[in-house]
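First comes the structure, then the notes that go with it.
The values are calculated or read from the model by the stated rules, or taken from the named source; none is laboratory data. From a predicted model like this one, the values you see are computed outputs, not experimental measurements. Neighbour counts are summed over all protein chains in view; Cβ atoms, including those assigned to glycine, are modelled from backbone coordinates with ideal geometry.
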């Protein structure tokens, strides 16, 4: 149903490409949905960098914070869309879930999101290794962190692959979990709805 290695390849290739060229999405199926979600993580990563700058104005920080909130909402919306895509595919394939099938602690969409963040972290760790303005101690620290990231990606991709196989075989139950981010909803955030004119 889903090739985890293709997802990782897409995430790696797009992170590198998007650092040179505008963000694009040339994929189909789940890869298209995963790429869209990955793009929000990419944008979030770089807004977070700006948010931690000490040489920008308070007005710029407020602007960045609002952008981060919006991007994070979209990131979570697209995690749900990945899980919805999987639900639809299971229905198309008429997969029957065993009555005693258990739920996983994390949905495939959430795991793909974590792989997306790891792709960004790995890219930027590797970027650190190209620096010429740092000492060997810094480089060695980065090498160790990069090694850990690569091990984590391998472990996570193997676990996700096993989960997807279990879901496809009906041994595990699949469900989309809605995030319901209350802070972005003016009807659910008390700070916002208490300040609206009657």
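Between 147, 124, 138, which is assigned to a helix (DSSP H, G or I) and surrounded by 14 or more Cβ atoms within 10 Å (Cβ to Cβ)?
Details: 147 fails: surrounded by 14 or more Cβ atoms within 10 Å (Cβ to Cβ); 138 fails: surrounded by 14 or more Cβ atoms within 10 Å (Cβ to Cβ).
Answer to the check: 124.
Those residues that are surrounded by 11 or more Cβ atoms within 10 Å (Cβ to Cβ) and not in a helix (DSSP H, G or I), I need them from the stretch 24-46; list them, please. Of everything in the stretch 24-46, those that are surrounded by 11 or more Cβ atoms within 10 Å (Cβ to Cβ) and not in a helix (DSSP H, G or I) turn out to be 24, 25, 27. Across the stretch 156-178, the qualifying residues are those that are surrounded by 13 or more Cβ atoms within 10 Å (Cβ to Cβ) and closer than 30 Å to residue 65 by Cβ, and the one among them that is modelled with the lowest pLDDT is 177.
If the requirement is being out of contact with any helix residue (DSSP H, G or I) (no Cβ under 9 Å at 6 or more places or on another chain), assigned to a helix (DSSP H, G or I) and farther than 28 Å from residue 176 by Cα, which of these qualifies: 55, 21, 49?
On the way: 55 fails: assigned to a helix (DSSP H, G or I); 21 fails: assigned to a helix (DSSP H, G or I).
Going through 55, 21, 49 in turn, the sole match is 49.
For the stretch 97-105, the count of residues that are within 22 Å of the chain's Cα centre (by Cα), touching a residue at least 24 places away in the same chain (Cβ under 8 Å), surrounded by 14 or more Cβ atoms within 10 Å (Cβ to Cβ) and assigned to a loop (DSSP other than H, G, I, E, B) is nonzero. A single entry from 118, 90 fulfils the requirement of being under 30 Å from residue 145 (Cα atoms) and in contact (Cβ under 8 Å) with a residue 12 or more places away in the chain: 118.
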